[in-house]
1. Does at least one position in the stretch 204-216 carry a residue that is small (G, A, S), crowded, with 18+ Cβ neighbours inside 10 Å and more than 17 Å from the chain's Cα centre (by Cα)?
2. Name the one entry in R135, R153 that is modelled with pLDDT of 90 or more and either exposed (fewer than 15 other Cβ atoms within 10 Å of the Cβ) or in a loop (DSSP other than H, G, I, E, B) (or both).
3. Hey, can you tell me all the residues within the stretch 53-63 that are within 17 Å of the chain's Cα centre (by Cα) and either surrounded by fewer than 21 Cβ atoms within 10 Å (Cβ to Cβ) or not in a strand (DSSP E or B) (or both)?
4. I need the full set of residues from the stretch 7-41 which are among the aliphatic types (A, V, I, L, M), touching a residue at least 40 places away in the same chain (Cβ under 8 Å) and either outside any loop (DSSP other than H, G, I, E, B) or farther than 18 Å from W80 by Cα (or both), in order please.
5. Take the stretch 159-210 and flag every residue that is hydrophobic (A, V, I, L, M, F, W, C) and in a helix (DSSP H, G or I).
6. Could you check, for the stretch 156-178, whether at least one of its residues is over 26 Å from C50 (Cα atoms), touching a residue at least 40 places away in the same chain (Cβ under 8 Å), surrounded by 14 or more Cβ atoms within 10 Å (Cβ to Cβ) and not small (G, A, S)?
Amino acid sequence: MLDLLLPQRCVACGLPGEPICASCVSRLPRLAEPLCARCGAPTAWPVTRCAECSGRRMAFASARAAVAYDPAVKALVSAWKERGLRRFAALAAGLVVEVVARPDAAALAFVPPDGERSLKRGHHPAERLARELGRCWELPVAPLVARARPLSRQRGLSLAQRRRNVAGAFRPAAASPARVVLVDDVYTSGATAGAAASALRAAGARHVQVVTFARAIRYPRTGDLGRRPCSFR
C-alpha cells in the first residue's frame, strides 16, 4: 500500500524504483590508488605523507574510504542519516569491502553517536556500518569510544575550528585491543576521526586504522593540478 501511495525513488537520480538504483551505484566514484598511505587522499603517485596531512599529528595510522564525497554521495549520506534509509548500511559496507582491503585488526569500533541526534534519527549510521563490516570481515564490533561532552555540528567550520570543536570530545568506553579499526560514515577533515582515535589509544590501542564509507576530497588549486591530481576509479 505504501509503495502504491508513496512510490520509492532513487535518492541520487530521482527515478522511481529502489532507494538507490543499480545505475547510480555503479557510478559512485570509488577511490583508487595511488593514495596517500597515511590519510587516504588521492595523489599523483604513492606517498607516505601528502599536502593534506603532512605536518599534522594524527592519532591514527591510516585512513581509507570507499567513495569520494561528491554531490551524489552527499545525497545518499543525507538520506541515510536524516531520512531513515537504514538499509543503505549494507550497501555501503559492500562498497567498502570492494575498495578497502580487510584490515589486520582484532576488532572494529565506531565513532559514538550524539545522543540527541541519534534519538531523533532512531539509528546510528556509523555503528550500523561497523556491524555490517564486522559481518563481512568476520571481526567483532565493540563500543570502545564514548562521548565525553556534547559536540557542536562540524558543518561550516574551518579545519582549525573543527579540531578545536572535537578536542576532548571522546573518552575510552572500554579497554581497546592493540590493533583496532575505527569506523565512521564520512571522513571530512580527519578531526573527528583523530579525536576518537586518541580515545582508543588512551584505552590501549597501538595501531588505529580509520575506515569510512565516503571521504571529502580537497581538490588542488589550478596551479597544483600537475602535482597532485585526484585519482578515482
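1. Within the stretch 204-216, one or more residues are small (G, A, S), crowded, with 18+ Cβ neighbours inside 10 Å and more than 17 Å from the chain's Cα centre (by Cα).
2. On the way: R153 fails: modelled with pLDDT of 90 or more.
Just one listed residue meets the conditions, R135.
3. Looking only at the stretch 53-63, we keep the residues that are within 17 Å of the chain's Cα centre (by Cα), and these are 53, 58-63.
Listed by number, the residues that qualify are C53, M58, A59, F60, A61, S62.
4. Initial filter on the stretch 7-41 (among the aliphatic types (A, V, I, L, M)): 11-12, 15, 20, 22, 25, 28, 31-32, 35, 37, 41.
Applying the additional criterion that residues be touching a residue at least 40 places away in the same chain (Cβ under 8 Å) yields 11-12, 20, 25, 28, 31-32, 35, 41.
Residues satisfying the conditions are V25, L31, A32, L35, A41.
5. Step one: list which residues in the stretch 159-210 are hydrophobic (A, V, I, L, M, F, W, C), which gives 159-160, 166-167, 169-170, 173-175, 178, 180-183, 186, 191, 193, 195-197, 199-200, 202-203, 205, 208, 210.
The answer is L159, A160, V166, A191, A193, A195, A196, A197, A199, L200, A202.
6. Yes.
The values are calculated or read from the model by the stated rules, or taken from the named source; none is laboratory data. Because the structure is a prediction, the values reported are computed rather than measured. Ideal geometry is used to build each Cβ from the backbone, glycine not excepted, and the neighbour counts take in all protein chains shown.
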